[in-house]
Amino acid sequence: MLKETFFLDQIPDLPPKEVRLAVLGYPIKHSISPQLHGSALAVLAENEPAFHNWNYRKIEVPPEDLHTALPKLAKLGFHGLNLTIPHKVEVLPMLSSIDQQAKVMGAVNTLSWESNGWKGYNTDGIGLSRAIKQASDRAISEFDILVLGAGGAARAAVAQCLFEKCQNLAIFNRSLDRAKELCRALKENDFDQNLIVLESFSNPFSHSGNPTLIINATSLGLRQDDPSPIDLSQFSGTPFVYDMVYNPPVTNLLRQAAEMEYPWANGLGMLVGQAARSLEIWTGREVSTDAMSRAAEESIGE
Ligand code: NDP
């Protein structure tokens, strides 16, 4: 069942006693979320056998069907949903409530059924934060941070850095206007930190003395032959380089980081971290990322 794709109008009869979870997206065929959640649920079931009855599926939902999918899945007894491309923003008006941090991020990737409707959360930011802590052994609050990109993932990253009170924060994006708009939207939330937009690529933190983190939140790197979004040799200092892309596992940005002997990590830890946080919201249990990480590595290697 983990690898099977379901379709909204062809969901078969489901076992009566199960607790139902799913990821919705379009396309969804390549999602490995069922493998991640399946492995973590199996670990939870070792101590609490009731978790054997929790099942996580992937369901293909085209954008025009999302507004009918949500009530339909509620009626079918689904307890929690993840949302991926292209639903994370479009779903907002369809929800009965939205977590405060998700509101600032302007997108949700996790829904939990409450008695009166779906509540939306965004776990991408916390997933990123946990991944960076694990990979660098430093909290976001310790870093000066340069975020590359100004799309949905960049917004979650910048908001998370602000929530966690990072030192200094800058955004650099191909389209300057989009970066300025992101900066303006986040500044409406009265954060204390200094948030700046770079008009050209440089190290704005060269005199601060804090450790530096560069986060690639552009989609450059998803294709094997994509160029790096920046030339690291033009950045003074020794940054930790985090690329949200995890497949391919080593992008051209990360290759250059490795050549320059900078510490780096790919986006697999973020994928696992956001999944673990979603499962924590649905189960009320602490979820270890070990089993999820193993499942992710195995699934990507297949
Ligand atoms: P969006 O489409 O919202 O944003 C894409 C961003 O990439 C924009 O800033 C865009 O710049 C930039 N970009 C695209 N093409 C180029 C290019 N040729 N040169 C320079 N910049 C470019 O995507 P998302 O924010 O949703 O996703 C961004 C990345 O994050 C993706 O790779 C996605 O897979 C990854 N991601 C990883 C997650 C994880 O768990 N590891 C979770 C979520 C996302 P412009 O504004 O100029 O168009």
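Odds and ends about this structure:
- Residues of segment 3-47 classified as more than 19 Å from the chain's Cα centre (by Cα) and outside any helix (DSSP H, G or I), total: 15
- Residue check for residue 196: assigned to a strand (DSSP E or B) and within 12 Å of the ligand (Cβ to nearest atom): no
- Listed here are the helices (runs of 4 or more DSSP H) enclosed by segment 52-165 that have at least 1 residues being among the charged types (D, E, K, R), buried (at least 18 other Cβ atoms within 10 Å of the Cβ) and under 20 Å from the mean Cα position of the chain (by Cα): 124-136, 152-163.
- Single condition residue 108 does not satisfy, out of (1) hydrophobic (A, V, I, L, M, F, W, C); (2) under 26 Å from residue 208 (Cα atoms); (3) without any contact (Cβ under 8 Å) to a residue 40 or more places away in the chain; (4) within 16 Å of the ligand (Cβ to nearest atom): (2)
- Residue match in segment 242-263 (condition: within 13 Å of the ligand (Cβ to nearest atom), within 28 Å of residue 202 (Cβ to Cβ), small (Gly, Ala, Ser) and over 15 Å from the mean Cα position of the chain (by Cα)): no
- A Cβ distance below 8 Å, combined with a sequence gap of six or more or placement on separate chains, defines the contacts here; from segment 36-53, residues that are more than 14 Å from residue 294 (Cβ to Cβ) reach residues that are assigned to a helix (DSSP H, G or I) and among the β-branched types (Val, Ile, Thr) in the pairs 44/283; 51/283.
- Every listed requirement among (1) at pLDDT 95 or above; (2) more than 16 Å from the ligand (Cβ to nearest atom) is met by residue 208 save one, (1).
- Pairs where the first residue, in segment 221-233, is in contact (Cβ under 8 Å) with a residue 40 or more places away in the chain and the second is near the ligand (Cβ under 7 Å from one of its atoms), C-beta under 8 Å, 6+ apart: 229/149; 229/174; 229/218; 229/220; 229/221
The values are calculated or read from the model by the stated rules, or taken from the named source; none is laboratory data. Keep in mind that this is a model prediction, so the values were computed, not measured. Positions of Cβ are backbone-derived with ideal geometry, glycine not excepted, and every protein chain shown enters the neighbour counts.
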